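The values are calculated or read from the model by the stated rules, or taken from the named source; none is laboratory data. Quantities reported herein were computed from a predicted structural model and do not represent experimental measurements. Note that we place each Cβ from the backbone using ideal geometry, even for glycine, and neighbour counts take in every protein chain shown. With ligands, DNA and RNA removed, areas are computed over all heavy atoms of the protein, side chains included. Shrake-Rupley method; radii C 1.70, N 1.55, O 1.52, S 1.80 Å.
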Amino acid sequence: MSTIPDGAPHFPVQPNLSPFPAEERRQALLAPRFGTRFTDHMARAHWSTQTGWSGHRVEPYAPLTMDPAAAVLHYGQEIFEGLKAYRHADGSVWAFRPELNAARFAASARRLALPELPEADFLASLEALVRTDRAWVPAAAGASLYLRPFMFASEAFLGVRPAAGVDYLVIASPAGGYFTAGFAPVSIWVARDQHRAGPGGTGAAKTGGNYAASLEPQQRAREHGCDQVCFLDAATSTTLEEIGSMNVLLVMGDGSVHTPALTGTILAGVTRRSVLDLLADEGREVVERTISLAEVLDGLRRGTVTEVLACGTAAVITPIGRLAGEGFDVTVAGGVPGPVATHLHERLTGIQYGRCDDTDRWLHRLA
């Protein structure tokens, strides 16, 4: 179990005097939908070149007042994170490896020329918000409270330079499963002529522009009857990078698990890191390397690739049942969840919800 480092700031609470009625909240928790309903409060802080970080607080959830010249609206200088709060059987609420999210948030800030938020501030903001809105954490199986920390350039200035004023917030939304079908195979369209990120760009940062670039290719995927899109590298259009907003893994016929290496164009997922750590602890060979699409297709036909799966915070583990693109359409693992995907899903969610022992002390108590 991780703890907040010494020196964590206090986030005083300004109570929402008009919270959602208890019955309306109860109905929202009975059937939580990802990212559509938000809790009564949000955590907040402000940074400026004059004062540094200040104004830490929890306040009522409300629309933001923003100048039309705010730098984020013109130059996209913003970053975000995504993680979940899980209610355990005893009513306590926990996060899963949030220090990794804090570290990635800082790395994203560096790439986008934003101020780094200290880990202590990041963790304290999560605790303060979840403790304030603890009643919003679902207890239903597979449900959680999704937490969205984000930072943006709020200074009103149209010059092209790093902003001198920045806002940090955390909002929260009760969420069920990311895919409506739950833990079930999805179909993937491989985009050959559209790319998520290029060498030297912002692919390793969690910033909105990367996701904006993925939306039109996702539309194309749906036009081809697929649930998500797989991006290839921008330099050669031959090697795997990411599936939508998830990392991709291959299970090989010899039992090893291979995944694209982090070369600066791929987001370093917390779930990806956890999957690789779990597999290595179990004695399974884990390989991070360049993986070509041609190799994957050949391996699926010859049986040397037995499973393809994706992983990420929202869906945890997602088995891939179909891989399609221009000139190919292949079924993966018979179109059903494979044993490795099933095991990883059960193991990870077991730790997150407190059903399995947290031997690596990955959980951090929020409330």
For this session: Looking at (1) open to solvent by 20 Å² or more (accessible area, probe 1.4 Å); (2) over 26 Å from ALA113 (Cα atoms); (3) in a strand (DSSP E or B), find the lone condition where ASP90 falls short.
Result: (3)
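GLY82 - would you say it is closer than 23 Å to THR349 by Cβ and touching a residue at least 24 places away in the same chain (Cβ under 8 Å)?
Working: closer than 23 Å to THR349 by Cβ: yes; touching a residue at least 24 places away in the same chain (Cβ under 8 Å): yes.
It is true that GLY82 is closer than 23 Å to THR349 by Cβ and touching a residue at least 24 places away in the same chain (Cβ under 8 Å).
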Exercise. Of the residues ARG104, ARG131, ARG148, ARG111, which is touching a Lys or Arg at 6+ places or on another chain (Cβ under 8 Å) and not hydroxyl-bearing (Ser, Thr, Tyr)?
Worked result: ARG104
For this session: Evaluate segment 252-274: report whether one residue or more is open to solvent by less than 10 Å² (accessible area, probe 1.4 Å) and more than 26 Å from GLU81 (Cα to Cα).
Result: yes
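Given ALA95, ALA45, ALA109, ALA102, which one is in contact with a His (Cβ under 6 Å, 6 or more places away or on another chain), under 14 Å from PHE150 (Cα atoms) and surrounded by 16 or more Cβ atoms within 10 Å (Cβ to Cβ)?
On the way: ALA95 fails: under 14 Å from PHE150 (Cα atoms); ALA109 fails: in contact with a His (Cβ under 6 Å, 6 or more places away or on another chain); ALA102 fails: in contact with a His (Cβ under 6 Å, 6 or more places away or on another chain).
Testing whether each residue is in contact with a His (Cβ under 6 Å, 6 or more places away or on another chain), under 14 Å from PHE150 (Cα atoms) and surrounded by 16 or more Cβ atoms within 10 Å (Cβ to Cβ) leaves just ALA45.
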Problem set entry | Identity of the residue in segment 62-77, in a loop (DSSP other than H, G, I, E, B) and among the aliphatic types (A, V, I, L, M), that ends up surrounded by the most Cβ atoms within 10 Å (Cβ to Cβ) | MET66
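Return yes when GLU242 is among the charged types (D, E, K, R) and either farther than 26 Å from PHE105 by Cα or more than 20 Å from the chain's Cα centre (by Cα) (or both) and no when it is not. Can you show your working first?
On the way: among the charged types (D, E, K, R): yes; either farther than 26 Å from PHE105 by Cα or more than 20 Å from the chain's Cα centre (by Cα) (or both): no.
It is false that GLU242 is among the charged types (D, E, K, R) and either farther than 26 Å from PHE105 by Cα or more than 20 Å from the chain's Cα centre (by Cα) (or both).
Do you know which residues across segment 144-164 are at pLDDT 95 or above and assigned to a loop (DSSP other than H, G, I, E, B)? Walk me through how you get there before you give the answer.
So in segment 144-164, the residues at pLDDT 95 or above come out as 144-158, 160-164.
Matches in segment 144-164: SER154, GLU155, PHE157, LEU158, VAL160, ARG161, PRO162, ALA163, ALA164.
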Exercise. Can you pull out the residues in segment 316-362 that are crowded, with 21+ Cβ neighbours inside 10 Å and closer than 19 Å to VAL93 by Cα?
Worked result: VAL316, ILE351, GLN352, TRP362
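Would it be correct to say that VAL287 is farther than 30 Å from ALA172 by Cα and either part of a helix (DSSP H, G or I) or of a type in the set (Ser, Thr, Tyr) (or both)? Break it down into steps so the answer makes sense when it comes.
On the way: farther than 30 Å from ALA172 by Cα: yes; either part of a helix (DSSP H, G or I) or of a type in the set (Ser, Thr, Tyr) (or both): no.
Criteria not met by VAL287.
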Exercise. Which numbered condition trips up ASP40, out of (1) modelled with pLDDT of 95 or more; (2) open to solvent by 70 Å² or more (accessible area, probe 1.4 Å)?
Worked result: (2)
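Here is a yes/no grid of residues against (1) under 24 Å from THR318 (Cα atoms); (2) of a type in the set (Gly, Ala, Ser); (3) touching a Ser or Thr at 6+ places or on another chain (Cβ under 7 Å):
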{"position": "LEU112", "(1), (2), (3)": "no, no, yes"}
{"position": "GLU116", "(1), (2), (3)": "no, no, no"}
{"position": "TRP136", "(1), (2), (3)": "no, no, yes"}
{"position": "ALA141", "(1), (2), (3)": "yes, yes, no"}
{"position": "ALA184", "(1), (2), (3)": "yes, yes, no"}
For this session: Show the residue pairs that are 6+ apart or on different chains and have beta-carbon atoms under 7 Å apart, the first residue being within segment 118-137 and of a type in the set (Phe, Trp, Tyr), the second being part of a helix (DSSP H, G or I).
Result: PHE122/ALA102; PHE122/PHE105; TRP136/ARG25
Problem set entry | In segment 282-296, the residues that are touching a residue at least 40 places away in the same chain (Cβ under 8 Å) and either open to solvent by 40 Å² or more (accessible area, probe 1.4 Å) or under 20 Å from SER214 (Cα atoms) (or both) | THR290, LEU293, ALA294
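So which strands (runs of 3 or more DSSP E) stay within segment 167-260 end to end and still have 1 or more residues that are among the polar types (S, T, N, Q)? Lay out the reasoning, then the answer.
Values: elements: 186-191, 228-232, 240-243, 246-252, 257-260.
Strands (runs of 3 or more DSSP E) meeting the threshold: 186-191, 228-232, 246-252, 257-260.
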Exercise. How many of the residues making up segment 78-87 are more than 16 Å from TRP362 (Cβ to Cβ) and either open to solvent by less than 10 Å² (accessible area, probe 1.4 Å) or not in a strand (DSSP E or B) (or both)?
Worked result: 3
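Table: residues versus (1) under 30 Å from ALA261 (Cα atoms); (2) of a type in the set (Ser, Thr, Tyr); (3) open to solvent by 30 Å² or more (accessible area, probe 1.4 Å).
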residue: PRO162; (1), (2), (3): no, no, yes
residue: GLY165; (1), (2), (3): no, no, no
residue: LEU169; (1), (2), (3): no, no, no
residue: ALA191; (1), (2), (3): yes, no, no
residue: GLN194; (1), (2), (3): yes, no, yes
residue: THR202; (1), (2), (3): yes, yes, yes
residue: LYS206; (1), (2), (3): yes, no, no
For this session: Among what's in segment 310-367 and is in a strand (DSSP E or B) and of a type in the set (Ser, Thr, Tyr), pick the residue that is nearest to LEU293 (Cα to Cα).
Result: THR331
